[in-house]
Amino acid sequence: MKNRKPIRNLLPLIPALLILLFSACKHDDLAIAKPNENFRLASDFVKNNYDLTLFSAAVEKSGMAETLRGKGPFTLLVPSNTAFNEIGISKASDFDKMNTDSLKAMVQRHVLDQQLNFNQVPVNGVDIRYHTLAGTDVYATLASYAPNNSAYPANDLYFNGSSVTRKDVTVANGVVHVLNKVMKVTPNSTVQAWLAKRPQYSIFVSGLKKFGFWDKLSDKGPFTVFAPQNSVFEANGITEASVAALDPATYSGERLFGSYILHNKHFFISDYNVFYIINTEATYNGQLENDTWYFIISSTRNFYTAAVTYSAHLQTALSYPYDTYPAVTAIPALTDNLTDNGLVHDMQGLLLLPEQALKH
């Protein structure tokens with residue numbers, strides 16, 4: 001009988017104990033979703049997307065796959081397969097021709113060390129810099145809308161002049177933006193060094209040297225250079241020998257070769273289209289150094305492919321009366337070669353022929 005009293009004393013506590021017991025069981029069974037747990041990691045998303053297989057191959061071959069499976073957050077700026085095709089890469093084995101370190105740096109230059117969503121890029125921001133895993137900067141530009149016309153935004157986003165064709169793909173460790181071009185960057189280099197290493201521009205280089213523009217291209221800059229290849233000069237009957245024979249006293253060097261250089265300007269081809277959207281300026285008009293003539297350029301973005309092309313020509317004045325010279329155009333895949341002191345754009349034509357640059 002003495003043992004029953006303690007049990008009777010515990011009876012009032014049983015409901016409270018049951019509540020605690022059930023609460024503990026309920027807590028153990030509760031599944032709290034972790035952020036992004038239903039999304040794939042960045043490297044896995046790229047690997048399983050049929051239009052991004054070449055970038056995925058570059059990630060694997062460069063040894064960056066494990067990094068991109070990490071916590072991040074990352075922003076992957078992923079060129080499409082078509083973008084790689086345009087620079088001569090059509091299959092994964094093509095990356096075997098590249099040095100592993102160079103391939104790794106290329107991949108790293110397409111990955112930001114932060115998560116950057118579309119709505120975080122400043123409205124109408126031009127050349128906003130963001131840091132990459134390669135230790136370099138990438139330039140982001142967002143052409144949102146013209147002033148007082150916010151009802152009809154363009155929302156064209158570019159990184160280093162490459163158009164974003166798909167925005168804000170959420171992955172478990174960041175975000176992916178798809179590009180229509182491979183960003184071409186040559187760090188620790190100048191415009192001068194970039195041209196010097198490429199023999200296909202030797203006639204252009206000889207002209208720059210002949211008329212005193214070459215040495216400037218190693219300076220701080222920035223410079224934006226439009227460079228015709230040898231084949232363009234040769235199609236117009238111009239060779240290194242014929243350039244060497246030109247007399248600087250007879251020809252205007254500022255027009256014949258200096259017109260291909262924009263001094264103190266850092267322009268991607270897409271920037272001209274951006275200026276048109278945000279400033280309603282159809283063309284950029286740059287006066288040649290030490291001359292009265294103007295370099296006129298504009299660019300357009302294809303609505304369906306987002307490819308950007310441009311046209312350019314020389315003009316003797318901005319207001320009538322003036323003379324113009326035939327416009328030249330370039331294809332997007334060969335533009336926007338970024339160096340430390342500027343950009344080089346491949347130009348598929350000549351602004352002026354020697355006989356048109358004669359001094360009077």
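The values are calculated or read from the model by the stated rules, or taken from the named source; none is laboratory data. Note that the coordinates shown come from a computational prediction; the quantities given were computed from them, not determined experimentally. Cβ coordinates were reconstructed from backbone atoms using ideal geometry, including for glycine residues, and neighbour counts include every protein chain displayed. Each accessible area value is taken on the protein alone, full model and side chains, heavy atoms only, with ligands, DNA and RNA left out. Shrake-Rupley method; radii C 1.70, N 1.55, O 1.52, S 1.80 Å.
If a residue has to be aromatic (Phe, Trp, Tyr) and either closer than 20 Å to Tyr260 by Cβ or surrounded by 15 or more Cβ atoms within 10 Å (Cβ to Cβ) (or both) to count, how many in region 296-312 make the cut?
Within region 296-312, residues that are aromatic (Phe, Trp, Tyr) and either closer than 20 Å to Tyr260 by Cβ or surrounded by 15 or more Cβ atoms within 10 Å (Cβ to Cβ) (or both) number 1.
Determine which single condition Lys181 fails, assuming it passes every other condition in (1) over 30 Å from Phe257 (Cβ atoms); (2) assigned to a loop (DSSP other than H, G, I, E, B).
Failing condition for Lys181: (1).
Could you run through region 313-322 and say how many residues are modelled with pLDDT of 95 or more and either open to solvent by 50 Å² or more (accessible area, probe 1.4 Å) or not in a loop (DSSP other than H, G, I, E, B) (or both)?
Matching residues across region 313-322 total 3.
In the list Thr283, Thr335, which residue meets the criterion of being among the β-branched types (Val, Ile, Thr), without any contact (Cβ under 8 Å) to a residue 24 or more places away in the chain and either open to solvent by less than 20 Å² (accessible area, probe 1.4 Å) or within 30 Å of Ile128 (Cα to Cα) (or both)?
Only one candidate qualifies: Thr283.
From the list Thr316, Thr339, Thr283, Thr335, which residue is over 30 Å from Asp137 (Cα atoms) and not hydrophobic (A, V, I, L, M, F, W, C)?
Checking each option against the conditions leaves just Thr316.
Based on what the data block shows, is Thr53 farther than 21 Å from Thr132 by Cα, out of contact with any Cys (no Cβ under 6 Å at 6 or more places or on another chain), of a type outside the set (A, V, I, L, M, F, W, C) and modelled with pLDDT of 90 or more?
Against the criterion (farther than 21 Å from Thr132 by Cα, out of contact with any Cys (no Cβ under 6 Å at 6 or more places or on another chain), of a type outside the set (A, V, I, L, M, F, W, C) and modelled with pLDDT of 90 or more), Thr53 qualifies.
Take the conditions within 22 Å of Met64 (Cα to Cα), among the hydrophobic types (A, V, I, L, M, F, W, C), open to solvent by less than 40 Å² (accessible area, probe 1.4 Å) and touching a residue at least 60 places away in the same chain (Cβ under 8 Å) and apply them to Val176. Does it pass?
Spelling it out, Val176 is indeed within 22 Å of Met64 (Cα to Cα), among the hydrophobic types (A, V, I, L, M, F, W, C), open to solvent by less than 40 Å² (accessible area, probe 1.4 Å) and touching a residue at least 60 places away in the same chain (Cβ under 8 Å).
What about Ala172, is it of a type in the set (A, V, I, L, M), over 11 Å from the mean Cα position of the chain (by Cα) and over 19 Å from Gln115 (Cβ atoms)?
Judged against the criteria, Ala172 is not a match.
Just to be sure, is Thr75 under 20 Å from the mean Cα position of the chain (by Cα), surrounded by 15 or more Cβ atoms within 10 Å (Cβ to Cβ), among the polar types (S, T, N, Q) and not in a helix (DSSP H, G or I)?
yes
Might you check whether a residue that is in contact with a strand residue (DSSP E or B) (Cβ under 7 Å, 6 or more places away or on another chain), open to solvent by 30 Å² or more (accessible area, probe 1.4 Å) and farther than 30 Å from Pro73 by Cα occurs anywhere in region 191-207?
There is no residue in region 191-207 that is in contact with a strand residue (DSSP E or B) (Cβ under 7 Å, 6 or more places away or on another chain), open to solvent by 30 Å² or more (accessible area, probe 1.4 Å) and farther than 30 Å from Pro73 by Cα.
Could you tell me whether any residue of region 201-210 is assigned to a helix (DSSP H, G or I) and under 17 Å from Asp336 (Cβ atoms)?
yes
Please give the number of the condition Glu289 fails out of (1) assigned to a loop (DSSP other than H, G, I, E, B); (2) open to solvent by less than 50 Å² (accessible area, probe 1.4 Å).
In the conditions (1) assigned to a loop (DSSP other than H, G, I, E, B); (2) open to solvent by less than 50 Å² (accessible area, probe 1.4 Å), Glu289 misses (2) alone.
Tell me which residues, restricted to region 221-248, are without any contact (Cβ under 8 Å) to a residue 60 or more places away in the chain, more than 18 Å from Arg198 (Cα to Cα) and assigned to a loop (DSSP other than H, G, I, E, B).
Correct list: Gly237, Ala245, Asp247, Pro248.
Pick out the one residue from Val344, Val308 that is within 24 Å of Val123 (Cα to Cα) and either within 22 Å of the chain's Cα centre (by Cα) or modelled with pLDDT of 95 or more (or both).
Going through Val344, Val308 in turn, the sole match is Val308.
Please go through region 92-149 and give me each residue that is open to solvent by 20 Å² or more (accessible area, probe 1.4 Å), among the hydrophobic types (A, V, I, L, M, F, W, C), over 20 Å from Ala306 (Cα atoms) and part of a helix (DSSP H, G or I), ordered by number.
Result: Ala92, Ala105.
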